[in-house]
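Student: I have a structure I would like to understand better, so I am pasting it below and will then ask my questions one at a time.
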Amino acid sequence: MAAKEKPDAEATEITEAGDGAVEPSSSDAAGLPHHSFLSRLYTGTGAFEVVGRRRLWYGISGAIVAVAILSILLRGFTFGIDFSGGTTVSMPAAGSSGTVQTSQVSEVFKKAIGGDPESVVIVGSGGSATVQIRSETLNNDQSTKLRNALFDAFQPKGTDGKPNKAAISDSAVSETWGDQITDKALIALGVFLVLVGVYIMIRYERYMAISALLTMVFDLTVTAGVYSLVGFEVSPATVIGLLTILGFSLYDTVIVFDKVEENTHGFQHTTRRTFAEQANLAINQTFMRSINTSLISVLPVLALMVVAVWLLGVGTLKDLALVQLVGILVGTYSSIFFATPLLVTLRERTELVRNHTRRVVKRRAPDARSRGEAAPDDADEQTDPSDAAPAGEDASTEAVTKPAPNKPAPGARPVRPTGTRRPTGKRNAGRR
């Protein structure tokens, strides 16, 4: 006979949701004690319903991915010179007539070359500010003509503080080199995804591996969509940063999956919580760890952006910081609101989880609670073959209405067999 157990606050009034998840009813939710937001966040007691509302998060995630894909298809990417090829001309922004303006540089370029430059930007601030001109690939004669025109118009100063033509530099990258960089970047990304998939397959179950890989695809798509939507320039530093943030996203996802694996170990042997509820509890228990990890990662990235953009004006550091900032935010969201709900959805398609969810729902049914019966575990659900119901009768009804022979009814007081003596507690009492 299973021992009676008092149902906890989380397992009292529940209903079965349409997607198979078991959620608390509003009547019990109103009776639970209310705690502050920070208290629930730090204690991680399962107060935040993430898995039970996964349809909402699927809708939000789907909308984000749709916007990202549309932006990629319609707007495309702004590839750096390393990918698309071209010529870059740089010179100090401080000239004999003061600070150079981008509009003035564009006019000089158009008169010297006969066309508009692709971009003219001022990088850095103060005395270290430089003007960077990007255009299609120029030959040697065009590069020489442009440098002479820029020097005549602005008189840029060299390191000695005097006008110097050598202060103007140019570099060219062929389209073939850009294609090679693109191919290597794609190969590196593919190898990374394969190695990650193999590791998770070995370390965890296949459903966790599928969820983690789809989560990384989500992070990759959304980050690329943000770059396309905002117009950030894609450079080799962007690819390096992208591999970095995919590793961060995987790290955060593995943290949550570790807790899910710990909570759901042997879940089929108890009917206290469903698989979805155990996974939701794991998310709550790792909320603060994910938030703290993200904050610790974002702070140095913000510092890197400040140093790179406003102080040094280094384009490589700026590109690296931008992709890391976007990736950390996207990775934190996906590890909490996408990876684990997706894992639960995949696991609920298995017969083991579906049967266990039905047992939990049956155990928490109002009639079972009114009888005061406890939830039978797998070991307690085994019955004697002699107790089987006769043919034509419902076995479940027979088990409820007619107690098994030689077994006390539920709630009955134990009866000591007749003809036996009460133990005295003394050794060898029966031999005297």
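The values are calculated or read from the model by the stated rules, or taken from the named source; none is laboratory data. A quick note: this is a predicted structure, and the numbers were derived from the prediction, not measured. Cβ placement follows ideal geometry from the backbone for every residue including glycine, while neighbour counts extend to all protein chains displayed.
Student: Considering (1) over 30 Å from Gly247 (Cα atoms); (2) modelled with pLDDT of 90 or more, say which one Glu373 fails and leave the rest.
Tutor: (2)
Student: Restricting the first residue to region 339-359 and requiring it to be in contact (Cβ under 8 Å) with a residue 60 or more places away in the chain, which pairs with a second residue that is of a type in the set (Ser, Thr, Tyr) and outside any helix (DSSP H, G or I) meet a Cβ separation below 6 Å and a spacing of at least six or different chains?
Tutor: Close Cβ pairs satisfying both conditions: Thr357/Thr274; Arg359/Thr271.
Student: Let me ask something else about it. Evaluate the following for Tyr204: is it surrounded by 14 or more Cβ atoms within 10 Å (Cβ to Cβ) and at pLDDT 85 or above?
Tutor: no
Student: While we're on this one: Among (1) within 30 Å of Thr357 (Cβ to Cβ); (2) more than 21 Å from the chain's Cα centre (by Cα), where does Tyr58 come up short?
Tutor: With (1) within 30 Å of Thr357 (Cβ to Cβ); (2) more than 21 Å from the chain's Cα centre (by Cα) applied to Tyr58, the lone miss is (2).
Student: Mind listing whichever residues of region 77-88 are within 12 Å of Arg134 (Cα to Cα) and either touching a helix residue (DSSP H, G or I) at 6+ places or on another chain (Cβ under 6 Å) or in a loop (DSSP other than H, G, I, E, B) (or both)?
Tutor: Gly80, Asp82, Ser84, Gly85, Thr88 - these are the residues of region 77-88 that are within 12 Å of Arg134 (Cα to Cα) and either touching a helix residue (DSSP H, G or I) at 6+ places or on another chain (Cβ under 6 Å) or in a loop (DSSP other than H, G, I, E, B) (or both).
Student: For region 94-113, give me the residue count where each residue is among the small types (Gly, Ala, Ser) and modelled with pLDDT of 80 or more.
Tutor: Summing the residues that are among the small types (Gly, Ala, Ser) and modelled with pLDDT of 80 or more in region 94-113 gives 3.
Student: Another one. For region 146-166, which positions are surrounded by fewer than 15 Cβ atoms within 10 Å (Cβ to Cβ) and either assigned to a helix (DSSP H, G or I) or among the β-branched types (Val, Ile, Thr) (or both)?
Tutor: Passing the criteria: Asn148, Asp152, Thr159, Lys165, Ala166.
Student: Can I ask one more? Please work out which residue is surrounded by the fewest Cβ atoms within 10 Å (Cβ to Cβ), limiting yourself to region 48-105 and to residues that are of a type in the set (Val, Ile, Thr) and over 30 Å from Gln142 (Cα atoms).
Tutor: Within region 48-105, the match that is surrounded by the fewest Cβ atoms within 10 Å (Cβ to Cβ) is Ile60.
Student: Taking only region 211-265 into account, find how many residues are hydrophobic (A, V, I, L, M, F, W, C), farther than 19 Å from Leu73 by Cβ and either at pLDDT below 90 or crowded, with 22+ Cβ neighbours inside 10 Å (or both).
Tutor: 17
Student: While we're on this one: Can you list the helices (runs of 4 or more DSSP H) found entirely within region 205-322 that contain at least 3 residues being within 30 Å of Gly86 (Cα to Cα) and in contact (Cβ under 8 Å) with a residue 12 or more places away in the chain?
Tutor: Qualifying helices (runs of 4 or more DSSP H): 206-230, 236-263, 287-306.
Student: Only one of (1) modelled with pLDDT under 80; (2) more than 44 Å from the chain's Cα centre (by Cα) is not met by Ile122, so which one is it?
Tutor: If we test Ile122 against (1) modelled with pLDDT under 80; (2) more than 44 Å from the chain's Cα centre (by Cα), just (2) comes out false.
Student: Name, by its number, the condition in (1) closer than 30 Å to Gly76 by Cα; (2) assigned by TED's automatic domain parsing to the domain that holds Ile113; (3) without any contact (Cβ under 8 Å) to a residue 24 or more places away in the chain that does not hold for Thr144.
Tutor: Exception for Thr144: condition (1).
Student: Regarding Asp179, is this residue modelled with pLDDT under 80 and assigned to a loop (DSSP other than H, G, I, E, B)?
Tutor: Spelling it out, it is not the case that Asp179 is modelled with pLDDT under 80 and assigned to a loop (DSSP other than H, G, I, E, B).
Student: For Gln180, work out the one condition from (1) under 40 Å from the mean Cα position of the chain (by Cα); (2) touching a residue at least 12 places away in the same chain (Cβ under 8 Å) it doesn't fulfil.
Tutor: Here Gln180 clears every test but (2).
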